[in-house]
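What follows is one structure encoded as structure tokens, with my remarks underneath.
Just so it is clear, none of the values below were taken in a lab; they were calculated from the coordinates. Treat the numbers as computed from the prediction; the structure is a model and nothing was measured. Heads up, the Cβs are rebuilt from the backbone with ideal geometry, glycines too, and the neighbour counts pull from every protein chain shown.
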Amino acid sequence: MLKITSAEFLQGVADLRQLPKNALREILFIGRSNVGKSSLLNKLCGKKNLARTSATPGKTREINYYIINNQFYFVDLPGYGYAKVPEQMRAGWKRLIEDFLKRGEPISLAMQLIDSRQEPTPLDLMMMDWLEYYEVPYVLVLTKADKLPFSKLGKTIEGYKERFQSQLTEGSCHGIVPFSIVSGDGKQDLLKVVLDHLKSAPLSKKEAV
Ligand SMILES: Nc1nc2c(ncn2[C@@H]2O[C@H](COP(=O)(O)OP(=O)(O)OP(=O)(O)O)[C@@H](O)[C@H]2O)c(=O)[nH]1
Ligand SMILES: [Mg+2]
């Protein structure tokens, strides 16, 4: 089992020229504003205030790197779909994220977060298309599962499995995991997925030293 013994904020990146010098493997957190990316990252690390969370959407604007166990990165991506963002910034976001995903090799896994109470938005579906296109392995994380009655959650998961069957069987989707910061449900499952992907990804030359 993966045990997170240290987790520290490393740096914010607004431009791909600012990427960390030390190319370690990366686990990405992707999803619309307010879906719970920073909350999930904090919960996995067992640290309440590592990544800033907020009831106000659009809090995380840069790509934030956290170094975990001095071994790999958790990368909190800026949320999308926030209505008040000007069009020009939105175009900048698209370019940044797509260029970021194109880098390929350092990315071990992405967590694509979707609110368990809502249908995937067109931007969620676009993100999933990008992950498929760039062959980034990902898990769908259904957040805020505590807000759904148990029976409804089961139906929601079944619905996702059906809808994204081809991504699950032939594509890059490695599972659908309900998650809640309130109950902690999903935490162990996600840590296991992270560990599996860190193990299977080839070690970079720098890490092998
Ligand atoms: N009940 C409940 N609330 C949650 C859960 N996860 C997140 N929240 C709440 O949802 C709000 C947004 O969470 P964040 O983690 O800041 O969301 P984010 O995706 O990082 O948002 P941006 O940084 O704006 O993109 C906060 O008020 C959290 O407390 C959950 O599992 N259950
Ligand atoms: Mg955030």
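Here are a few things to note about the model shown:
- A straight Cα-to-Cα reach below 19 Å connects Lys144 with the aspartates and glutamates Asp76, Asp115, Glu119, Asp124, Glu158, Asp185, Asp189, residues fewer than 8 places away in its own chain not being considered.
- Three-way shape call for the chain based on the alpha-carbon gyration tensor, with the a/c threshold at 1.5: rounded
- Checking the Cα-Cα distances for Lys94/Lys199; Lys3/Lys199; Lys47/Lys155; Lys37/Lys147; Lys48/Lys187; Lys3/Lys187 against a 20 Å cut-off, the pairs over it are Lys94/Lys199; Lys47/Lys155.
- Highest mean packing first, where packing is the average number of other Cβ atoms within 10 Å per residue, the peptides 109-122, 172-185 line up as 109-122, 172-185.
- Stokes-Einstein D for segment 142-196, Kirkwood Rh over Cα pairs, 20 °C, 1.002 mPa s (µm²/s): 178
- Among 142-155, 24-37, sorting by the average number of other beta carbon atoms lying within 10 angstrom of each residue, highest first, gives 24-37, 142-155.
- Of the Cα atoms belonging to segment 36-157, the radius of gyration and Dmax stand at 14.9, 42 Å.
- Amide H contacts of Asp185 (H built 1.01 Å from N, under 5 Å, at least 5 apart or other chain): Ser180
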